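First comes the structure, then the notes that go with it.
Please treat every number below as a calculation from the coordinates, not as lab data. In this text the structure is predicted, and so the values were computed from the model without any measurement. Note that each Cβ is placed from the backbone with ideal geometry, even for glycine, and that neighbours are counted across all protein chains shown.
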Amino acid sequence: MLKNNNKQAVILGYDTVSPLGTDFEGQWKRAVNGECGIGELTRFPVRENFPVKIAGQVDEIDCTPYPFLSPRELANWTSPIFKYAMLVVHRALKKSGIEITPELSSRIGITFSSAVGGLDAVINADRLLTAKGKLPHPFTNPNSCINMVGGKISILTNATGPIVSTVTACATGCTSMIIGAMMIEQGMADAVICGAVDFSLVEPIVGGFASMKGSYTPKKGQPPEPPEKSSRPFSVNRRGFVVSEGAASIIIASKEFAEAHGLNFRIMMSGWAMTSDAHHFVAPNFETVRRCINLAIDNAGIKPNDIDAVNAHATSTKIGDSVEVKALNDAFGNNIPPTSANKSQLGHCMGASSGIEAIFSMEGMLTDTLLPTINYTPDPELVLDCVPNRSRKAEQEFVLKNAFGFGGCNSCIVFRRIN
């Protein structure tokens, strides 16, 4: 497909909070060192018979330097998604160099979203209503609206261009970037605030992942494992994903806009694709996953052997990892590039996961670094170089990022390092 090179989306800045930390430099250092952010679940009181004891939790932040995160400003916005979303957007915009003036405002779009949203506010209100008969706080419903996080970002930044909530479950972060790039290519916006946030460590949500057999469970009859050893994508002994939380913001713009405003960029979104499985509500479908990977590479105008590395979705589930490796084998002819699985270090940050992992992919491109897949024990049925246990130095011009969500939502992006 022919593309207008001036309208291709370039990356101007990004920022994240994750179980590895709340400042990006610290998170990146820990990731390169092969550390893990998974620990004991303390976000809510854990009952004795509750099946989940571990999680990837984000530390509290010092809101003092940020007037928009003052106690007064956050008094009605009780769900943590708003605090952390606004923080990463503010910091990413600072790094991008964009100042959203009244003249630019109408040309700045927003695709920042959430997979789970602020359901914690509704659950808390329901418990209060049940226990005391007290009606919900007036801001309960606004806290729970999926699109409200984008709305709050619009209010924070004064971006008045097109706004949409790109909810595709675990693929939400990547989908937000793809839809943002589409807005730019269609001339609807010059720059877009992309990203995702999820803080789903809420008792019934975590319990629900356990009852559907998706989240990590220790093997019966064996002593408990250290939390940091529990997430092990591609490993023969993988036992499901670890529920985590986080936020990621990526600022993209047209190449033309960036150059006209003297904004620096070193990475572009070279190609992308989205497919739907039409198969099962959680189990991935090989055919449509394979097609999404191949379409993204084709859309970038390159050949599979041009891809230098893959950042995998890799949830650490038996079927999910198996289907992804099979699809990669199909795309790369049994010569899969080095493939990192960041969830081994982060756990599964739900909709934010693919945004955080996309940021880690891009930082790896800029620093010639492949992040490790930690806790790896080879599975003879999944043959690939997953950069086991230790990071590695490697130049990367093209990187494929995979993201696959519940409901069969697949999003793949090919990033290109420009210089």
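A few notes on this one:
- Ranked list, fewest to most other Cβ atoms within 10 Å of each Cβ, for K343, K255, K94: K94, K255, K343
- Were the residues from N158 through F286 laid out at 0.36 nm apart, the gain over their Cα-Cα distance would be 41.9 nm.
- A Stokes-Einstein calculation at 10 °C with viscosity 1.306 mPa s, built on the Kirkwood radius of the range 116-272 over Cα pairs, returns a diffusion coefficient of 84 µm²/s.
- Stretching M182 away from E60 to a fully extended chain increases their span by 40.4 nm, per 0.36 nm per residue minus the current alpha-carbon distance.
- Between I179, I100, I193, the Gaussian network model of the chain with springs among Cα atoms under 10 angstrom shows the greatest mean-square fluctuation at I100.
- Between A210 and K326, the simple spin-label model (points 7 angstrom out along Cα→Cβ) gives 3.1 nm.
- Set the Cα radius of gyration of the range 10-260 against 2.2 N^0.38 Å, with N its number of residues, and you get 1.08.
- In a fully extended conformation the segment linking N5 and L128 would gain 38.8 nm over its present Cα-Cα distance, using 0.36 nm per residue.
- Most fluctuating residue given options K83, K220, K393, as computed from a GNM of the chain linking Cα atoms under 10 Å: K220
- From least to most packed, judged by other beta carbons within 10 angstrom and beginning with the fewest, M188, M362, M212 follow the order M212, M188, M362.
- FRET E, pair S276, E48, Förster distance 51 Å, beta-carbon r, rounded to 0.05: 0.80
- Of R43, R232, R290, the one that fluctuates the most in a GNM where the chain has Cα springs shorter than 10 Å: R43
- Computed from the C-beta positions of I418 and N305 and an R0 of 22 Å, the FRET efficiency is 0.65 to the nearest 0.05.
- Cα-based Rg of the chain normalised by 2.2 N^0.38 Å, two decimals: 0.93
- Taking 26 Å as the limit for the C-alpha separation, the pairs K94/K255; K53/K401; K134/K213 exceed it in the case of K53/K401; K134/K213.
- Footprinting exposure proxy for Y376, Y84 (fewest neighbouring C-beta atoms within 10 Å first): Y376, Y84
- Prolate/oblate/rounded call for the range 72-200, Cα gyration tensor, a/c under 1.5 rounded: prolate
- Here's the picture: a label point sits 7 Å out from the Cα of A75 along the beta-carbon direction, and within the range 124-159 the residues with their amide nitrogen under 14 Å of it are 138-139.
- Once the convex hull of all Cα atoms in the range 269-417 is built, its volume per residue stands at 93 Å³.
- Taking the inverse of the mean reciprocal distance over all distinct Cα pairs, the Kirkwood hydrodynamic radius of the range 1-98 comes to 16.3 Å.
- Alpha carbon Rg of the range 219-321, scaled by the compact-globule rule 2.2 N^0.38 Å: 1.47
- For the range 163-236, dividing the convex hull volume of the Cα atoms by the residue count gives 147 Å³ per residue.
- Placing a pseudo-label 7 Å from each Cα along the Cα-to-Cβ vector at K219 and N335 gives an inter-label distance of 3.6 nm.
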